[in-house]
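Below: the structure, in structure tokens.
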């Protein structure tokens, strides 16, 4: 059966399968050690008259399954979940904890911001919104960890119960099948590591959800009583045509986040799309700030919002846009440089 690895040497593909299961801080050292061991074993095979490719293949197969070899290099005991399922447990944990924390916290915060709008005190408004959201995020993180533990604990308990029942009843153990000898043909095609994790995608989605909800939130009354009762912060005249254009760009930004996640790696094409969206959003916001009142005219008539509001808003938009363009450019360049 021919190997499925075509873009990397067998040794590189094997080392990738080992070190991806290890903590990031130990990957380089383990890879260097194993590469030296494999080089020595390959040289021994060549000295015995084997072709270099065959000597490399035999050396890899002598070391065996990379998943089992990674267990030997993993630091510390794996007592919470047994070694047979430990790495799968960690992978599930890394997904569930940030995803559920982000979903619970973000959705709670958006809901509370709408529910508590109109509070007379800004501090009270923020406290009544942020505190429940923080509690919900912690609850989501704990729930994610609990789900991962329960899933693999149940799997292990079922396996242990079946073994105990066989021992108690004297039932014969199921015939142990000799595991097939591992070969290099079992190496999967190497997949590039992601430049963005599931957790980062979730938090980016939550941030864009806040951006999408902002016009609706700012169109709610600022106060329930007093001089500004029933008055929103946002100028109602902005809704046509500016707010729909803004919402469209936010939706495009979310689509770009999804595209980057499924593409796994940065590319100059992705950076270019991001730059176009950033510049389009900046152009829209600056145009609105310079040509429209943005805030409710009632606030301007009362002197609560001065002329400097527009200049400060433009400066903030420019700073944020430049920062994002520089940050994404550097991230893209680092990602491409790592790939050589």
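The values are calculated or read from the model by the stated rules, or taken from the named source; none is laboratory data. Keep in mind it's a predicted model, so treat the numbers as computed, not measured. Cβ atoms come from the backbone with ideal geometry, glycine included; neighbour counts cover every protein chain shown.
Things worth noting here:
- Residues being surrounded by fewer than 19 Cβ atoms within 10 Å (Cβ to Cβ) and either modelled with pLDDT under 85 or in contact with a helix residue (DSSP H, G or I) (Cβ under 8 Å, 6 or more places away or on another chain) (or both) - total across the range 283-298: 8
- The range 260-282, subset surrounded by fewer than 19 Cβ atoms within 10 Å (Cβ to Cβ) and not in a helix (DSSP H, G or I), residue modelled with the highest pLDDT: 267
- Residues of the range 111-132 satisfying the condition of being at pLDDT 75 or above and either surrounded by 17 or more Cβ atoms within 10 Å (Cβ to Cβ) or closer than 25 Å to residue 204 by Cβ (or both): 111, 112, 129, 130, 131, 132
- Residue 38 being in a helix (DSSP H, G or I) and in contact (Cβ under 8 Å) with a residue 24 or more places away in the chain: yes
- Count - residues of the range 256-268 that are over 27 Å from residue 315 (Cα atoms), without any contact (Cβ under 8 Å) to a residue 60 or more places away in the chain and touching a helix residue (DSSP H, G or I) at 6+ places or on another chain (Cβ under 9 Å): 3
- Within the span defined as the range 300-307, one or more residues are modelled with pLDDT under 90, closer than 26 Å to residue 240 by Cα and buried (at least 18 other Cβ atoms within 10 Å of the Cβ).
- Of all the listed residues (277, 294), the sole one being closer than 15 Å to residue 246 by Cβ and in contact (Cβ under 8 Å) with a residue 40 or more places away in the chain is 294.
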